[in-house]
Amino acid sequence: MNEIFKQQVWEITKLVPKGRVTSYGAIAKAVGFPNHSRHVGKAMGGCPKDVPAHRVISSSGTLSVPEFQSRLEAEGIVVDNFKVKNFKTLFWNPLIEIK
């Protein structure tokens, strides 16, 4: 995975608003690499502190990193059994939201 890809992933992730979530797959599509959601996950693993990695979850609404639950709840997101309640309502799609 190259540095340019990582930077693109991080820049898009910084745009996810507080109280909203997106998926690894949505970010992969937004950076032009559909089907590379696992690479997005890897990029998130070593991201800088100013990248809100806790707002990126699986497309099923399940947290990939259980430790992120408290950070999401601090933003008003309800998480039950590691799943985001109202996932579809809270979902932020970069392809639609970024103009």
Any idea how many residues of the stretch 4-60 are part of a helix (DSSP H, G or I), of a type in the set (Lys, Arg) and over 11 Å from the mean Cα position of the chain (by Cα)?
-> 4
When every residue in the stretch 7-46 that is of a type in the set (Gly, Ala, Ser) and loosely packed, with under 15 Cβ neighbours inside 10 Å is compared, the one farthest from Asn93 (Cα to Cα) is Gly46
Identify all residues within the stretch 48-66 that are open to solvent by less than 30 Å² (accessible area, probe 1.4 Å) and under 14 Å from Lys6 (Cβ atoms); write none if there are none.
-> Val51, Ala53, Val56
What are the residues in the stretch 68-81 that are open to solvent by less than 90 Å² (accessible area, probe 1.4 Å) and among the polar types (S, T, N, Q), if any?
-> Gln69, Ser70
Here the residues within the stretch 82-99 that are free of Cβ contacts under 8 Å to residues at least 60 places away in the same chain, under 14 Å from the mean Cα position of the chain (by Cα) and either open to solvent by 100 Å² or more (accessible area, probe 1.4 Å) or under 19 Å from Ala28 (Cβ atoms) (or both) are Lys88
Being part of a helix (DSSP H, G or I), of a type in the set (Val, Ile, Thr) and modelled with pLDDT under 95 is the filter here, so list the residues in the stretch 80-99 that pass it.
-> Ile96
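The values are calculated or read from the model by the stated rules, or taken from the named source; none is laboratory data. Because the structure is predicted, anything quoted here is derived from the model rather than measured. All Cβ positions, glycine included, derive from the backbone under ideal geometry; neighbour counts span all protein chains shown. What goes into the accessible areas is simple: the full protein's heavy atoms, side chains included, and nothing from ligands, DNA or RNA. Shrake-Rupley method; radii C 1.70, N 1.55, O 1.52, S 1.80 Å.
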